[in-house]
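The values are calculated or read from the model by the stated rules, or taken from the named source; none is laboratory data. Small disclaimer: the values here were computed from a predicted structure and weren't measured. Quick reminder, even Gly has a Cβ in these numbers, built from the backbone with ideal geometry, and neighbours come from all protein chains shown.
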Amino acid sequence: MLEKTVWWLVSFKWNGGSWRYVGIQDSPGDLTVKEITNERKIIKHLEAHQARETLGVFLAPDGNLEEQFLKMKNAATCWADSLRTGNISHKEVWLALQSTILRTLSYPFALLQLTKTQCEAILASILRYCLPAMGVCRNFPRELVFSTY
């Protein structure tokens, strides 16, 4: 099976009072592709709620962002844990924050509509480490933390 190639059948079915995505059980069948060896390989069929990574962003046809949210939250947590175990200055923490993790997190934002709660969850581990490491109280009002002058 070709692991990097997948397909979705995005179709809808009336379900009493609302539309729902048609699942694989309602749309059976396989797509195949002929490899260079003339052997036919099946392309994996996914449900509309299943996300796959495309250009660094996990997207699903139904628009759910759970996979991308988890990816970003894990990246933030791992980054904060890595820096926490080191010993760097206030300025170096600021530089690392601006040049690494915030760049990583900002890349997919043009494609996403995360909730405020999701954004706060992603940033929580970063702020828990970075604010004290830069000499700022971690309970400092967020309006002031994120303000520019």
- Quick one: how many residues across region 100-122 are free of Cβ contacts under 8 Å to residues at least 40 places away in the same chain and surrounded by 13 or more Cβ atoms within 10 Å (Cβ to Cβ)? 6
- Item | Any hit, region 55-71, residues being of a type in the set (Lys, Arg), over 30 Å from residue 25 (Cβ atoms) and at pLDDT 90 or above | no
- Message: Going by what's in this entry, would residue 22 be described as hydrophobic (A, V, I, L, M, F, W, C) and at pLDDT below 90?
- Response: no
- Query: Which one of these is out of contact with any helix residue (DSSP H, G or I) (no Cβ under 9 Å at 6 or more places or on another chain) and at pLDDT 95 or above: 38, 74, 87?
  - Reply: 74
- Got at least one residue in region 67-76 being within 30 Å of residue 121 (Cα to Cα), part of a loop (DSSP other than H, G, I, E, B) and of a type in the set (A, V, I, L, M)? no
- How many of the residues in region 1-47 are of a type outside the set (A, V, I, L, M, F, W, C) and in a loop (DSSP other than H, G, I, E, B)? 13
- Query: Picking from 59, 97, which residue would you name as being farther than 21 Å from residue 4 by Cβ and surrounded by 15 or more Cβ atoms within 10 Å (Cβ to Cβ)?
  - Reply: 97
- Can you tell me which residue within region 62-87, out of those that are surrounded by 12 or more Cβ atoms within 10 Å (Cβ to Cβ) and hydroxyl-bearing (Ser, Thr, Tyr), is nearest to residue 50 (Cα to Cα)? 77
- Restricting attention to region 104-149, which residues are closer than 19 Å to residue 85 by Cα and either among the small types (Gly, Ala, Ser) or not in a helix (DSSP H, G or I) (or both)? 124, 125, 133, 134, 135, 136, 138
